[in-house]
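Bear in mind these aren't lab numbers, they're just calculated from the coordinates by the rules spelled out. All values derive from a computational prediction rather than experimental measurement. Note that each Cβ is placed from the backbone with ideal geometry, even for glycine, and that neighbours are counted across all protein chains shown.
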Amino acid sequence: MLSDIYDFIGIGIGPFNLSLAALTEDMADLNSIFFEETSKMEWHPGMLIEGTNLQVPFLADLVTFADPTSPFSYLNYLHKHKRLYPFFFYHNMEVPRHEYNDYLQWAAGQIDRLHFGKRVVDVWDEEDHYKVRVLDLDAEETEEYLTKHIVMATGSEPLILENMHGFPHKDVLHTSRYLYEKEALLKADHITIVGSGQSAAEIFYDLLEERENKEFLLTWLTRSEGIFQLESAKLGQEFFSPDYVNYFHQLPFKKRNQALETLEPLRNGIDYETLNGIYELLYHYSIGGKDPKVTIQPLVEVNNIERDKEAYNLSCRQWQAEKDFNYHTEKVILATGYKPHIPDWFMKRYKNKVEWEDELMFNVSRHYELVFKKERANRFYVVTNIEHSHGTAATNLGLSVQRNMEIINHLTGEKRFDTDGPFVFQQFE
C-alpha cells in the first residue's frame, strides 16, 4: 500500500465525496481512493420516511451540473432501471428520498475506488505528502496509505444538548434515529417533538398520519417564533448559486454571520406540502368538535430533560413571554439539528497548524482549501464545517457538484471544468 502515492485521498463517502469520485472516475491521470467507516452507502437512513422528497430538483444529482451526459446522472439511473416513463408521468421535479438513497447506492456500486467499513484514524504530514492510517473494521487491522492531497468530507453528527444525553434511545432520541425507534414510539401514550425545521415537521406529519388508528397525544415544541414555510420564490433560490458564494466568501467574517441569519427563511423553513398536509389532517381530525389530541407551541425552549418515573419532565420556557413551566411526556424526539463532524485526529494534528476565524471555524479558501499558517504544496481540502466561509454552499446538494468542479480544477492546476459565471439574473456586488 505504501508503494503508491495517490494524487488525493477522500475521507468520508457521502453525496459530496461520492460526486467527486464520479466526476474523476474517467480521469486516468488522477489516482485516488476513498474511505468511509460505515459498512455501505446510506443517506440519512433514519429519516427515509415514505412519501418524503428532497427539497431540491433532480438536476442536483452527483454529476449533471458538470456533465449532463455522465453515466452517473440521475436520469441515467432512471433509464437503467426502466423508470423514465414512471418519472415522466410523476410530474415532480423533486426526487423521493428513498429513490435518492437507491440512486446513491447504484452509483457507489460502479466505482471501485470506494472502500466502506474503513475508518480513517490518523493523518499526518510527511516530507512531500500525507500519510493516512486506516482501520479495517471487519479485519480489525490498520493499513497506511500515502497521498499528495486530502479531501475531507466527514459530514455532520447529531447536535444534542449536554443535559439531553444519557437516556434510552427508545425514549429520548434524535431525529436521525426516528425510523429505527418508530415501532417503540407508537406504543407510547404521549410523544413530544422538540425543535424546528423540515425534519421536525416530517416526523410530526408522519406520526399524525399514524393517529388514524391510534390514540396517543402528540406535541410539538419549538423555540422558533413560528412554524414558517420555506422561502421558495425563484429569485430567492438564486442565493443557492456560485455567484452568491463568490460574493459571500469575500465578506468579512462578521458580515458573513449576519448574512446567514438574514437567509434563515431560505435555509431552514418547512416546505409547503408538509405544512399543508399537517393542517389538512388536523382539520379532518377536528370535525364534529373532536379533540385532535395535538399541542403545537412555538416560542418555547426546552432547557432540560429529567426522568420522572415512567415518563419525562421537560423544563420549558416561553422565552417571549418570559414564563417557565414543566411539561410531562412519555417519549421525546429531538429535532435539534446537526453539527459538523471534525475528527479527533484532525484536532490533534492540525489545530495549531491551520488558521482559525473563530472557535472551531477554520479559515477556508474560496477553492475549499484549508489555510495553513505556513504555506504548503500538499493541499488539504474540506467540504465539512464551511457554512461560515461559503454560506449557502455548505450543505446544499445543488452546489455540491460546483464545489467538486472547483476542487478538481484547483487540485490539478487545469481548467477541466468551466466554472465561470454569471449563472443567475441577480448581481450581489
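Here the range 39-83 is scanned for amide nitrogen atoms under 17 Å from the site 7 Å beyond the Cα of Gln229 along Cα-to-Cβ, giving 55-56.
One chain, two ends: Gln110 and Leu282. Fully extended at 0.36 nm per residue, the span grows by 57.4 nm beyond their Cα-Cα distance.
With 29 Å as the limit on Cα-Cα distance, the pairs of Lys80/Lys148; Lys40/Lys214; Lys118/Lys339 that go past it are Lys80/Lys148; Lys40/Lys214. Cross-link reach is defined here as a Cα-Cα straight distance under 19 Å, omitting same-chain residues fewer than 8 places apart; for Lys309 the lysines meeting it are Lys170, Lys187, Lys331.
Give me the net charge for the shell around Ile270: Cβ to Cβ below 12 angstrom, other residues only, Lys and Arg +1, Asp and Glu -1.
Values: positive: Arg267; negative: Glu202, Glu231, Asp271, Glu273.
Neighbour charge sum, excluding Ile270 itself: -3.
Placing a pseudo-label 7 Å from each Cα along the Cα-to-Cβ vector at Gln237 and Phe89 gives an inter-label distance of 2.6 nm.
Calculate I(q)/I(0) for the range 126-270 by the Debye formula, one identical point scatterer on each C-alpha and no solvent, and give its log10 at q = 0.12, 0.18 Å⁻¹ to two decimals. Scattering profile of the range 126-270, log10 relative to I(0): -0.84, -1.11. Filter the chymotrypsin sites (Phe, Trp or Tyr not before Pro) in the range 321-429 down to the DSSP loop ones having no more than 11 other Cβ atoms within 10 Å, then list what survives. Listed in order of number, the matching sites are Phe425. Remark: relative contact order (the range 36-144) = 31 percent; criterion is Cα-Cα distance under 8 angstrom and separation of 6 or more residues. Summing Cβ point charges (Lys, Arg +1; Asp, Glu -1) relative to the Cα centre of the range 1-79 gives a dipole of roughly 220 debye.
Trypsin sites (Lys or Arg not before Pro) within the range 16-117: which are DSSP loop residues with at most 11 other Cβ atoms inside 10 Å? When the trypsin sites (Lys or Arg not before Pro) of the range 16-117 are filtered for loop state and at most 11 Cβ neighbours within 10 Å, Lys82 remain.
Net charge in the neighbourhood of Lys80 (other residues with Cβ under 15 Å of its Cβ; Lys, Arg +1, Asp, Glu -1) is -1. With each label modelled as a point 7 angstrom along the Cα→C-beta vector, the His367-Leu30 pair spans 1.3 nm. What fraction of the DSSP beta bridges in the range 114-252 is antiparallel, stated in percent and rounded to the nearest 5? Around 75 percent of the beta bridges assigned by DSSP in the range 114-252 are antiparallel ones. Per residue, the average separation of C-alpha pairs within less than 8 Å and at least 6 apart gives the chain a relative contact order of 21 percent. Helical runs (DSSP H, four residues minimum) scored at -39500 (n - 2.57) apiece and divided by the length of the chain put the mean residue ellipticity at 222 nm at -8000 deg cm²/dmol.
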